[in-house]
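Participant: Pasting a structure below so you can have a look.
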Amino acid sequence: MLARFFSYYRPYKWLFILDFTCAILVGILELAFPLAVNQVIDRLLPEGNWEIISLACLGLLLVYLLNTGLHFVVTYWGHKLGINIETDMRQQLFTHMQKLSFGYYDNNKTGHSISRLTKDLEEIGEVAHHGPEDVFVAVMTLVGSFGLMLTINWKLAVLSFVVIPLLIILAIYFNKKMTVTFRKMFQDVAEINSRVEDSIGGIRVVQAFANEKYEQKKFEKNNQNYRLTKLQSYKIMAQNVMSNYVLMRLVTLFTLLFGTFFVISGELTYGQFVAFILLSNILIGPIQKINAVIESYPKGIAGFKRFTEIMDTEPDIADSEDAIEIDLHGAIQYKDVTFGYEGHNKVLNRISLSIQSGETVAFVGPSGAGKTTLCSLLPRFYDIQDGSITIDGIDIKEMKLESLRKQIGIVQQDVFLFSGSIRENIAYGNLDASDAEIMEAAQRARLDDFIKNQPQGLETVIGERGVKLSGGQKQRLAIARMFLKNPPILILDEATSALDTETEVAIQKALEELTEGRTTLVIAHRLATIKNADRIMVVTDEGIAEQGNHHDLLVSKGVYSRLHAAQFG
Ligand code: ADP
Ligand code: MG
């Protein structure tokens, strides 16, 4: 764990060495000051040479200035180290999250991902720059000052230090308590994020149902949970501060009490006494620092644990080592394909079908039969449990994921658009597309009139998930995106089901143009839209019940003809 944490320091080893060296120098200079005061009082003061004393003070001033500069380096460069490491981790985590499969996101909340990318990593960054060097320097200063006190007067040193072991025991105790609390706190923040993601993301549904109060109640519960956990952590913190304070003051009191005794008995000079008090005061600094680390360390570790948890989650679906890149034509074959979602019953049981390159095949059947599932296996959103899926005779598992997915286009019923401009959303189909290509795609999708009517044209911002567009406009945008992507294989999953008949007819033209020359899988529940498909497959819970063209299926008087009769009377 620790080794893994430190591996993130590797790119910044010089920054770390610089920071570390300066921190050590700061510690040493800090220790030198009481010794200098000791000399001034015991040697220079009795001699009474004003010039030498001024010179000594001037020397001290220079040392202070040097130390001031060092403080800047330690603070600025130390934090720089931390934020660099934090940034690297965040980038890595985001990159990794992009690879995790549909199955992972089916079972994990977006809010949790957000909180891992923000809050958790911030805490790790905090430890990264206030971790190793702070602990090292603090321990060094502690040991150093104790050593100096020992050489000045070992009896007084031992007497002043009796409480130190107690401080250490307390530190360990509080650290343990804190780690547990912080883990819980992170969980609470993640829950709040999830709530916001749900309630604000779904604000239109919330308001449409007039369920604001219900959402507020749910949010309040999360919010209060967070408050209670925070209170718990503050309580531990307060107890920690309290016990530290009292113990530290005991050190000062002991030093004062026994120091005076030793001065009176002649075992300690005035200068030594002052140096002693200064040294014992220096102790507070490192002890507070160690405490601060003890406070931030559990947070950082809790965050780092969650970071590694995700980093160690292997994507279910990834390229095999010898995966190949391939130009697809689009002859698709499913052979005895069996699939069920994680922890659920089988959705598809030994399904076999074959589609020729360039063919348009329609899937119809009752909702929940598995049509969407069947199609989502082709781009490997999920991996099948048994059987095989090939395109052009090659198993899709042998293809590079990127290559496979770049050549399959999907238009769904609910189009996901990104907040941004129309241009960005169309260009999502091909990030290198020129303006002319984007406009051409828009034109083929019959979106060009709409764009021309917008004062800002292609730059028109469409709002989060495209809320400023109508259903038909969204669908046209999705189609434009697909023209630009230009894949040999196309999946239309109820692409026009949500639209009114008039819009559907209008869009149908664009869709027909889109399917030209591509292998197309169409899922539709309005049978009118698929009459012209080369082949129709009827999917039921039992699998593919029948297949053929519209006419044959009507004649054979099976499931299809019954569906048809139900829709057209
Ligand atoms: P269709 O598209 O034919 O209406 P689906 O393929 O969407 O049917 O769904 C088939 C079955 O799989 C349904 O019972 C549905 O509840 C289930 N299902 C769909 N998606 C998931 C998922 N991500 N996780 C678990 N079960 C799912
Ligand atoms: Mg479906």
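The values are calculated or read from the model by the stated rules, or taken from the named source; none is laboratory data. For clarity, every value in this text was computed on a predicted model and none was experimentally measured. Positions of Cβ are generated from backbone atoms using ideal geometry, with glycine treated the same way; all protein chains shown enter the neighbour counts.
Participant: Touching a residue at least 40 places away in the same chain (Cβ under 8 Å) and farther than 30 Å from LYS289 by Cα: which single residue out of VAL196, VAL206 fits that description?
Facilitator: Numbers: VAL206 fails: touching a residue at least 40 places away in the same chain (Cβ under 8 Å).
On inspection, the qualifying residue turns out to be VAL196.
Participant: Looking only at segment 397-421, count how many residues are assigned to a helix (DSSP H, G or I), surrounded by 15 or more Cβ atoms within 10 Å (Cβ to Cβ) and touching an Asp or Glu at 6+ places or on another chain (Cβ under 9 Å).
Facilitator: Step one: list which residues in segment 397-421 are assigned to a helix (DSSP H, G or I), which gives 397-398, 401-406.
Keeping just the survivors that are surrounded by 15 or more Cβ atoms within 10 Å (Cβ to Cβ) gives 397, 401, 403-406.
Filter once more, so that each one left must be touching an Asp or Glu at 6+ places or on another chain (Cβ under 9 Å): 397, 401, 403.
Number of matching residues: 3.
Participant: Given the conditions (1) of a type in the set (Val, Ile, Thr); (2) away from ligand 1 (no atom under 13 Å from the Cβ); (3) free of Cβ contacts under 8 Å to residues at least 60 places away in the same chain, and given that VAL347 satisfies all but one, which numbered condition is not satisfied?
Facilitator: Single failed check for VAL347: (2).
Participant: Return the only residue of ILE426, ILE438 being among the aliphatic types (A, V, I, L, M), more than 30 Å from ILE200 (Cβ to Cβ) and surrounded by 19 or more Cβ atoms within 10 Å (Cβ to Cβ).
Facilitator: Values: ILE426 fails: more than 30 Å from ILE200 (Cβ to Cβ).
Within the list ILE426, ILE438, the selection yields ILE438.
Participant: Keeping to segment 363-396, report how many residues are of a type in the set (A, V, I, L, M, F, W, C), part of a strand (DSSP E or B) and either buried (at least 20 other Cβ atoms within 10 Å of the Cβ) or without any contact (Cβ under 8 Å) to a residue 60 or more places away in the chain (or both).
Facilitator: Narrowing segment 363-396 to residues of a type in the set (A, V, I, L, M, F, W, C): 363-364, 369, 374-375, 377-378, 381, 384, 389, 391, 394, 396.
Those left that are additionally part of a strand (DSSP E or B): 363-364, 389, 391, 394.
From the residues that got through so far, the ones that are either buried (at least 20 other Cβ atoms within 10 Å of the Cβ) or without any contact (Cβ under 8 Å) to a residue 60 or more places away in the chain (or both) too are 363-364, 389, 391.
So the count comes out to 4.
Participant: Among the helices (runs of 4 or more DSSP H) lying completely within segment 64-172, list those that include at least 1 residues that are of a type in the set (D, E, K, R), surrounded by 15 or more Cβ atoms within 10 Å (Cβ to Cβ) and at pLDDT 85 or above.
Facilitator: On the way: elements: 102-107, 110-115, 121-129, 132-152, 154-161.
By residue number, 121-129.
Participant: Something else about it: Out of all the residues in segment 479-501, is one or more surrounded by fewer than 17 Cβ atoms within 10 Å (Cβ to Cβ), in the same structural domain as GLU440 (by TED's automatic domain parsing), modelled with pLDDT under 90 and away from ligand 2 (no atom under 16 Å from the Cβ)?
Facilitator: yes
Participant: Hey, among ALA275, ALA318, ALA302, ALA292, which residue is among the small types (Gly, Ala, Ser), in contact (Cβ under 8 Å) with a residue 40 or more places away in the chain and over 27 Å from ARG4 (Cα atoms)? Outline the logic, then answer.
Facilitator: On the way: ALA318 fails: over 27 Å from ARG4 (Cα atoms); ALA302 fails: over 27 Å from ARG4 (Cα atoms); ALA292 fails: over 27 Å from ARG4 (Cα atoms).
Only one candidate passes the filter, namely ALA275.
Participant: Can you name every residue in segment 334-362 that is assigned to a strand (DSSP E or B) and of a type outside the set (A, V, I, L, M, F, W, C)? Can you show your working first?
Facilitator: Kept after step one, since they are assigned to a strand (DSSP E or B), are these residues of segment 334-362: 334-340, 346-355, 360-362.
Of everything in segment 334-362, those that are assigned to a strand (DSSP E or B) and of a type outside the set (A, V, I, L, M, F, W, C) turn out to be TYR334, LYS335, ASP336, THR338, GLY340, LYS346, ASN349, ARG350, SER352, SER354, THR360.
Participant: Looking only at segment 325-361, which residues are more than 39 Å from the chain's Cα centre (by Cα) and over 15 Å from THR390 (Cα atoms)?
Facilitator: Here is the first cut: in segment 325-361, the residues more than 39 Å from the chain's Cα centre (by Cα) are 352-361.
GLY358, GLU359, THR360, VAL361 - these are the residues of segment 325-361 that are more than 39 Å from the chain's Cα centre (by Cα) and over 15 Å from THR390 (Cα atoms).
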